[in-house]
Amino acid sequence: MNPDLLVDNSRPTVAAPALRTKAELRAALEPARRQGLRIGLVPTMGYLHEGHLSLIVAARDECDLVVMSLFVNPTQFGPGEDLDRYPRDEERDLRLAAGAGADLVFAPPAEEVYAPDSSTAVEVTGSLISVLDGDAARRGPEHFRGVTTVVAKLFNLVGPDVAYFGQKDAQQAVVIRRMVRDLDFPVRVEVLPTVREPDGLAMSSRNAYLEPSDRERATALSRALAAAEREARAGSLADGLEAARAARAAAAIAPEYLEARDAETLDPVERFADRPVLVLVAARVGAARLIDNVLIHPDKSDT
Ligand code: AMP
């Protein structure tokens with residue numbers, strides 16, 4: 001690869017080069033590392049949408065070299081989950097990634113990432129990974145162990161200065177921040193706002209599972225969160241949760257959870273104090289399991 005390409009900030013309209021092996025990745029990053037360039041990493045599972053692209057654009061603005069990873073990580077899927085049917089369109093992803101400003105895409109096969117006898121995992125212990133999606137009755141803590149393990153590996157492989165994540169996966173972002181802090185990864189973690197469809201539905205690769213009638217009902221999740229935020233700001237958090245429950249009940253959606261939690265510790269919160277609060281929802285809508293959340297800052301709240 002021509003190292004000069006690594007600092008070319010023009011937006012190519014062709015596909016970003018896909019690197020399949022760790023050796024190829026290391027070789028491609030070597031010139032950038034030697035030149036002391038700032039490297040940005042955007043980890044994804046592909047089937048890109050505007051949410052992913054917003055992360056790449058942010059990385060492009062701040063970094064000299066933007067690496068996107070495209071890897072449907074098997075270790076973060078439970079036995080009954082959608083690993084096999086997870087939507088994939090690599091050709092389109094490589095074009096979109098390049099168009100948004102990615103310089104290269106690390107898209108390895110699973111066997112390149114995990115040795116057959118791989119026996120090491122990175123786990124943030126405690127309640128951060130055992131509540132909400134980490135509850136054993138939902139995705140379980142193994143989900144987050146899979147996430148932190150693969151993100152730690154990507155950090156080691158890419159050596160990014162900055163890594164970009166979406167607020168859409170709020171619990172994941174909290175867990176990754178904790179891992180980075182606890183293990184002293186020399187990485188700045190940026191968490192960027194959730195990108196939504198015009199009708200409020202949070203963009204997600206899994207929205208592809210929604211039939212048209214489910215797609216319509218799915219907007220109840222973001223409406224519920226908007227109601228929660230409105231009421232919480234105007235009255236109380238309890239009223240906010242009540243309004244959110246009413247909004248999602250009107251669409252006949254039974255949530256897996258709809259909860260208010262401290263935005264850093266994920267401890268349950270009853271009322272606003274001096275810390276940001278997350279209201280998080282997860283629900284099955286048709287064939288999709290959807291998650292969404294709103295982050296409410298105390299300076300804008302009623303207390
Ligand atoms: P995924 O491919 O679903 O694993 O997502 C890759 C990254 O994109 C994660 O950091 C997600 O939080 C982020 N992301 C997913 N959906 C959105 C969205 N609607 N807005 C912003 N970021 C998102």
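If you take the residues in the range 131-151 that are of a type in the set (A, V, I, L, M, F, W, C) and crowded, with 19+ Cβ neighbours inside 10 Å, which one is nearest to LEU65 (Cα to Cα)? Outline the logic, then answer.
So the first thing to find is which residues in the range 131-151 are of a type in the set (A, V, I, L, M, F, W, C), and the list is 131-132, 136-137, 144, 147, 150-151.
Those still in the list that are crowded, with 19+ Cβ neighbours inside 10 Å too: 131-132, 144, 147, 150-151.
Values: VAL131: 36, LEU132: 35, PHE144: 28, VAL147: 24, VAL150: 21, VAL151: 18 Å.
So, considering only residues that are of a type in the set (A, V, I, L, M, F, W, C) and crowded, with 19+ Cβ neighbours inside 10 Å, the one nearest to LEU65 (Cα to Cα) is VAL151.
Answer yes or no as to whether ALA228 is part of a helix (DSSP H, G or I) and either within 12 Å of the ligand (Cβ to nearest atom) or buried (at least 22 other Cβ atoms within 10 Å of the Cβ) (or both).
On the way: part of a helix (DSSP H, G or I): yes; either within 12 Å of the ligand (Cβ to nearest atom) or buried (at least 22 other Cβ atoms within 10 Å of the Cβ) (or both): yes.
When the stated conditions are applied, ALA228 passes them.
Can you tell me which residue within the range 232-253, out of those that are out of contact with any Lys or Arg (no Cβ under 8 Å at 6 or more places or on another chain) and open to solvent by 70 Å² or more (accessible area, probe 1.4 Å), is farthest from PRO276 (Cα to Cα)?
So the residue we want is ALA250.
Mind listing whichever residues of the range 207-225 are acidic (Asp, Glu) and open to solvent by less than 60 Å² (accessible area, probe 1.4 Å)?
At the first step, the residues of the range 207-225 found to be acidic (Asp, Glu) are 211, 214, 216.
Listed by number, the list holds a single entry, ASP214.
Sort out which residues of the range 166-191 are in contact (Cβ under 8 Å) with a residue 40 or more places away in the chain and within 9 Å of the ligand (Cβ to nearest atom), and write them in order of number.
Result: GLY166, GLN167, LYS168, ASP169, ALA170.
Report whether or not LEU266 is open to solvent by less than 40 Å² (accessible area, probe 1.4 Å), outside the structural domain of ASP84 (by TED's automatic domain parsing) and under 24 Å from LEU53 (Cα atoms). It would help to see each step written out before you state the result.
On the way: open to solvent by less than 40 Å² (accessible area, probe 1.4 Å): yes; outside the structural domain of ASP84 (by TED's automatic domain parsing): yes; under 24 Å from LEU53 (Cα atoms): no.
Considered against the rule, which asks whether it is open to solvent by less than 40 Å² (accessible area, probe 1.4 Å), outside the structural domain of ASP84 (by TED's automatic domain parsing) and under 24 Å from LEU53 (Cα atoms), LEU266 comes out as no.
Which members of the range 192-220 meet the condition of being within 16 Å of the ligand (Cβ to nearest atom), of a type outside the set (Phe, Trp, Tyr), part of a helix (DSSP H, G or I) and more than 24 Å from TYR164 (Cβ to Cβ)?
Going through the range 192-220, the residues within 16 Å of the ligand (Cβ to nearest atom) turn out to be 192-210, 215, 218-219.
Narrowing further to those that are of a type outside the set (Phe, Trp, Tyr): 192-208, 210, 215, 218-219.
Now restrict to residues that are part of a helix (DSSP H, G or I): 205-208, 215, 218-219.
ARG215, ALA218, THR219, listed by residue number.
Inside the range 140-165, can you point out the residues that are more than 10 Å from the ligand (Cβ to nearest atom) and under 26 Å from ALA260 (Cβ atoms)?
Of everything in the range 140-165, those that are more than 10 Å from the ligand (Cβ to nearest atom) and under 26 Å from ALA260 (Cβ atoms) turn out to be GLY140, PRO141, GLU142, HIS143, PHE144, ARG145, THR148.
Could you tell me whether MET68 is open to solvent by less than 30 Å² (accessible area, probe 1.4 Å) and within 13 Å of the ligand (Cβ to nearest atom)? First the steps, then the outcome.
On the way: open to solvent by less than 30 Å² (accessible area, probe 1.4 Å): yes; within 13 Å of the ligand (Cβ to nearest atom): yes.
Against the criterion (open to solvent by less than 30 Å² (accessible area, probe 1.4 Å) and within 13 Å of the ligand (Cβ to nearest atom)), MET68 qualifies.
Do you know which residues across the range 123-137 are without any contact (Cβ under 8 Å) to a residue 40 or more places away in the chain and among the aliphatic types (A, V, I, L, M)?
Matches in the range 123-137: ALA136, ALA137.
The values are calculated or read from the model by the stated rules, or taken from the named source; none is laboratory data. Predicted model, so just to flag it, every value in this text is computed and none were measured. A quick note on method: Cβ atoms are made from the backbone with ideal geometry, for glycine too, and the neighbour counts reach across all protein chains shown. Surface areas here come from the heavy atoms of the whole protein model, side chains and all, with no ligands, DNA or RNA. Shrake-Rupley method; radii C 1.70, N 1.55, O 1.52, S 1.80 Å.
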